Amino acid sequence: SVNPDLAIERQTASFSVEKLTAWLDGGAEHTRMRRAVVEAIECDPVFSRENQYFESQNERYEAAVRKAVHLQKKMQEMGWAVNGPESKYIYRAVSGDIAFLLHRIFMRSISVLGSDKQVAKWIPLATQYQLIGSYTQTELGHGTYLQGLETTAVFDITTQEFILNTPKISAMKWWPGDMGRSATHTLVFAQLYIHGKCYGVHPFIVQIRSLQDHSLCPGIIAGDIGPKMNFEHADNGYLMLQNVRVPRENMLNKFCEVQPDGTYVRQGSQQINYFTMTTVRISIIPDEVIIPLMKACTIAIRYSVVRRQSKLKPGEQEAKILDYQTQQEKLLPQLAAAYAFHLIYNYLEELFDKGYREIQIKNFNALPELHAFSSGFKAMITQYCTSAVEICLRACGGHGYSLLSGLPSLYTRILASCIYEGENTVLLLQTARFLIKCFMATITGQPVPSSVTYLAAVKAGKCPAKNKLDFLSPDVYTEAYQHVAVRLISSTAAKLQDLIQSGVKKHNAWNQCTVQLAQAAKAHCHYITVKNFAETVEKLETKAGIQKIMKHLCDLFALHGIFSNAGVFLHDGYISGAQMDMVTASYLDLLDVIRKDAVPLVDAFDFTDKSLNSALGSYDGQVYQRLYEWAQKSPTNKQMSPAYEKYLKPLLHNTLSKL
Amino acid sequence: AAAMMMNPDLRRERAAATFQPELLTHILDGGAERTRRRKEIEALVINDPDFQHEDLNFLSRSQRYEQAIRKSSLMVMKLREYGITDPEEIFWFKSFVHRGRPEPLDLHLGMFLPTLLTQATPEQQDRFFMPAWNLEIIGTYAQTEMGHGTHLRGLETTATYDPATQEFILNSPTVTSIKWWPGGLGKTSNHAIVLAQLYTQGQCKGLHAFIVPIRQLGTHEPLPGITVGDIGPKFGYDEMDNGYLKMENFRIPRENMLMKYAQVEPDGTYVKPVSDKLTYGTMVFIRSFIVGDAARCLSRACTIAIRYSAVRHQSELKPGEPEPQILDYQTQQYKLFPLLAAAYAFHFVGAYIKDTYHRISGDISEGDLSELPELHALTAGLKAFTSWAANAGIEECRMACGGHGYSRCSGIPDIYVTFTPSCTYEGENTVMMLQTARFLVKSYTQVSSGQRVTGMVSYLNDISRQRIQPQHVAARSVTVRINDPASLVEAYKARAARLVEAAAKNLQAELNQRNSKEDAWNRTSVDLVRASEAHCHYVIVKLFTAKLSEISNAAVRAVLTDLCLLYALHGISKNTGDFLQASILTDAQITQVNQHVKELLAVIRPNAVALVDSFDFHDVHLGSVLGRYDGNVYENMFEWAKKSPLNKTEVHESFHKHLKPMQAKL
């Protein structure tokens, strides 16, 4: 039975939860398919995650491999094609707790960067799992800055082979997933040398383990890099190459080729080698970033209406903690952010699908904009969502700290997204470089991509709001965000120019402005996110109460951003001190409004209990019972600890009484 | 020879420092003699083969618990063997043995024994203290329940007095009343001090403490009527057996209620305790400890991140030149140096609270408690402020180490998971902030009604004066000198005054609209928390600034002055809205503040490594491959990884069990 404290929250929803779910899924037929996939996976005991929190690294890894293998069978059974419409729901259904994810990236890279011949050779082998692939880029001493990679691939014209080497310890490949134990092949990024000349970083297919007995190939040293904050199930690995030879045909050569005589031929931009990374950056966002935040919100909000603490009114029952303004102020903005980022992802996905099609026909014009978008949004969304999940975790007090709450694992997992696929600060600065360039172009009247034309429309003036209700107008707050983005970008551009004109070298000037540049890039992404949210809400049909509640969430997301970054809005007086008090008042009022729909809003994310895997967040709200029963299953309670016989008993009985 | 082995980048950094790190270490320790003694104790532990073990990162939770118990029992014996009795020295010894991690006897040593000393009658001490001292009795302190934490009055466990047998009957009447979280309860303890609602003669007399045996001496099996166990895996605290305890009609003799203050007589008559403000004192002490802990944990994280940033090279700053140390990037300095400054600030704040507590405790025994309410209110907020800041700061340090920070070998994940519960325990932080706010509002109300207030809140006295001269507020903005810590203290003071006043006024406005005081308070609580934060921020800047004048060595004072300025200015640049809205600073001054922050980063840069060396963490205690004193990071990461459990065999068993069959089938 459902805990009455939770049941009552569902009776007063101002909108249809089912319709909102369908909208989030992109249509009711998608919802049906997603539920069917989730159901098929979850009713299969091989995919159970119930004991996950009790398992060691070795057990987690083994389970991930077992699940990955079983999934192949399952897909055949269910008739799900590898790239079929179900595939996007499978990952969600297994909650990412599965091996061979890098195998997919291996295949994707070959599809994008490989010639037709290479695709024809490798993709069927990979699809049949005749080999297990991985993607090997990062080194011990080098991460985001790819040009700094030290692994070498020297072309040997006499044998028509590349000789791959790890020249020193900092060049050892480090971190690639699936490589520590599982992979037989991997795509190694290395500096290409022909006749002593370096041609930059290129990808090479290298076999690292025997297809017979899985032992390491000659010249290969590889293993697992040891325990991490999360991803216990993944065998992130290290790889050292000592004179490993691969045939000339193993360099992916759709865009760059080394001909038999050593001639180097390039078609298109060098940047294209990194395009996989650019698309991966965006593709991780829904499963690795937004879904974890949605789950964290679900757990924290449901728990906050079950948990009671202290009294709001004397003589009454202790209050639900979600009735405290401070608790609302922690959680509800995170809920709004989950919706905001879900919507901005839809926008980015469309942009990238278009870009991908262009690149397939070798039109590279959109690359700089796509690169800037993928960098900036990846950085902003991962950073925002990571801190949002942490807020949810801490908002659950002591019980949030238990692994059984599900929150620590969500947090340690999402926070990796701030680092992988490009370190966030570096990415923000790449976006800033693009924005500064576009801003300078607008000054001289050159055309810029449509996403940044707003930079040309610099308007002076003040925020027109007269009372707190005016701040519930999307035009008013979108303008304010735009104003701040333009101000931060233009003032940083001016500062850069000043420094350069005063004789500071360009690179020094850049370094001296990086704190501001990163802030400007974030402001740009924040503005686009608010604008996209407001425009999406505008287009929604008014039926079923969905537009109304989405409008509230959009307002909350926007006003929370102003409230928490008041300084940049006040700075040039665009928003006055008195107006800031109106923002605060409107913002706090909204908390009360959204509070009433908080539980239906997380119900709409439609996570099953198994997928939440949380004692605090289950649909029925039987928090304490579940926590108690689950804890009793902990291995620490099943067996008598050897510590008692070995240490406690002597301690309790004699040793110390001698003292 | 050791210097030859040192990473050349770190060697260069150390040679370029403008001050002697040892001198700063002495200041942090409270004198050269304290440093000497600390290092002596550290050597006792670190050179002792009994305290060596495999890297805990490679062990299962059960194994970690076992190691901790092993070390704890040795620790207790050795402490007595060495005759170490000073509380601070015991603390050092313990944290070297357990390398900053919690251990299963923490609650026995830190709560069970002290509670016996302060709340047991002489007869009770005779019965329990020596056996507990000799660890025949291992106890814990069972307060928190599954459904109840910070709000103590809500606890549901009952202790009903039965005059017929002269016993208390203990019960956990609901699932939510199961005791949950107490450390050492799950597997280690055989006794617990249980907090329960006392019922006698049909009346509830509120919370009281009872000594409850929970496991059979000899077999260690739970006693009949007792259900006890471990609460399962957590974010951190792997060494600690946090436990649950459920009691069903469990009887204990009347003499097991701690009766130094309140008493139940044989016939069931309840004797009230004399007013008990002393518990304030204990809370103040524990909170001062958490502030110190925030400083220590943040210092450790900064040590790791800053040393690693001096060793790590990445990208290019100047075209054609080798990759620079990442510590040369402004963005990296901007992440780390304000945290370094905060670590120093919190050290000084922790020391201040401890000293004030010791000074006032002298007064307590003489009955002068006048300063206690303010200290109690202040430490609540400071506990919350510093633990929040350190919590976020540790994570920033980890992020600043990029991918390698995410590996357990960096040591930062461990610091984080061990520290983060301090935002919750000993009073949930938001609740703590609101306690401080209550005191601030009370003080504000006193001032409004014409009374004067003293101590850290005395700035509120000025508010009424400003109201008479409205131009005063605007005039103040030009007087802030951003190079002068004392002037910045004034700016923080003005911000605190403004936010306390705003919160108090909003509270009044809500009160005028509603009947319920509680409702009005709740509807103002976001403002109230902001006011508390501003007040605490002011206190920290003030205490840091005051510390500068105590430092005699000019080079050390200079570098600490830079840090103090950075702490204060960075705080302004992160909260510009407050300073602009209250017209404490102008747009132009804010721009100058932002600029000056960046200049200070460059000034502090040459001393960054020396400033973390001054924290003087031994490598064993630091537990980080990235933060090693010698800076030989990459070689040692490789060595560390080879020991990973996944690498025990060259071909993992999963290959034979799953991969090979799959490849055969497809």
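Summary of computed values
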| quantity | calculated |
| --- | --- |
| Candidates per trypsin sites (Lys or Arg not before Pro) in the stretch B:603-666, loop by DSSP, up to 14 other Cβ within 10 Å | B:Lys643, B:Lys648 |
| Per-residue [θ]222 nm for chain A (sum of -39500 (n - 2.57) over DSSP H runs n ≥ 4, rounded to 500) | -17000 deg cm²/dmol |
| Violating pairs (Cα-Cα greater than 25 angstrom) within the set B:Lys39/B:Lys643; B:Lys187/B:Lys383; A:Lys646/B:Lys246; A:Lys462/A:Lys522; A:Lys437/A:Lys531; B:Lys179/B:Lys234 | B:Lys39/B:Lys643; B:Lys187/B:Lys383; A:Lys646/B:Lys246 |
| Reachable lysines, given that their alpha-carbon falls under 18 Å from the alpha-carbon of A:Lys121 and they are not under 8 places away in the same chain | A:Lys254 |
| Averaged over A:324-330, number of beta-carbon atoms from partner chains that fall within 10 Å | 5 |
| Bridge type composition, the protein assembly as shown - antiparallel percent by DSSP, nearest 5 | 85 |
| Under 5 Å, built H, 5+ apart or other chain: amide partners of B:Val212 | B:Ala192, B:Ile193, B:Val194 |
| Sequence-separation-based contact order of chain B, relative, with Cα cut under 8 Å and 6+ spacing, percent | 15 |
| Fewest-first sequence of B:Met637, B:Met5 by Cβ atoms within 10 Å of each Cβ | B:Met5, B:Met637 |
| Peptides B:600-609, B:583-592 ordered by average Cβ neighbours within 10 Å, highest first | B:600-609, B:583-592 |
| Order of B:Thr649, B:Thr331, B:Thr524, A:Thr453 - criterion: other Cβ atoms within 10 Å of each residue's Cβ, fewest first | B:Thr649, A:Thr453, B:Thr331, B:Thr524 |
| Sites A:Gln360 and A:Lys117, calculated FRET efficiency, Cβ-Cβ separation with R0 25 Å, nearest 0.05 | 0.90 |
| Per-residue average of Cβ from other chains inside 10 Å of B:315-325 | 3 |
| Relative contact order, percent, chain A [alpha-carbon distance under 8 Å, six or more residues apart] | 15 |
| Fully extended contour minus Cα-Cα distance, from A:Thr158 to A:Asn243, at 0.36 nm per residue | 29.1 nm |
| Tensor-based shape of the protein assembly as shown (alpha-carbon gyration tensor, a/c under 1.5 rounded, otherwise prolate or oblate) | rounded |
| Highest-first arrangement of A:506-514, A:617-625, where packing means the average Cβ count within 10 Å | A:617-625, A:506-514 |
| Kyte-Doolittle at least -1.0, axis length at least 20 Å by Cα - qualifying DSSP helices, chain A | A:28-42, A:291-306, A:325-360, A:367-395, A:424-443, A:474-501, A:514-539, A:546-564, A:577-595 |
| Tensor-based shape of chain B (alpha-carbon gyration tensor, a/c under 1.5 rounded, otherwise prolate or oblate) | oblate |
| Tensor-based shape of the stretch B:1-116 (alpha-carbon gyration tensor, a/c under 1.5 rounded, otherwise prolate or oblate) | oblate |
| Note, ³J(HN,Hα) from phi for the stretch B:524-529, Karplus 6.51, -1.76, 1.60, rounded to Hz, x at Gly and Pro | 10, 5, 5, 4, 5, 5 |
| Given charges at beta-carbon only (K, R positive; D, E negative), |dipole| of chain B in Debye | 1240 |
| Partner chain coverage, peptide B:221-234 - average Cβ within 10 angstrom | 5 |
| The stretch B:137-268, relative contact order in percent, only Cα pairs under 8 angstrom and at least six apart counted | 29 |
| Neighbour-limited loop hits for trypsin sites (Lys or Arg not before Pro), the stretch B:76-116 (at most 14 other Cβ within 10 Å; DSSP other than H, G, I, E, B) | none |
| Protection-proxy order for peptides A:386-393, A:74-81, each taking the mean of Cβ atoms within 10 Å per residue, highest first | A:386-393, A:74-81 |
| The stretch A:8-53: GluC sites (Glu not before Pro) in DSSP coil with no more than 13 other Cβ atoms inside 10 Å | A:Glu50 |
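Laboratory data are not the source of any read-out in this text; all were calculated from the coordinates shown. None of the values given here were measured: they were computed from a predicted structure. Methodologically, a virtual Cβ is constructed for each residue, glycine included, from the backbone with ideal geometry; neighbour enumeration extends over all protein chains shown.
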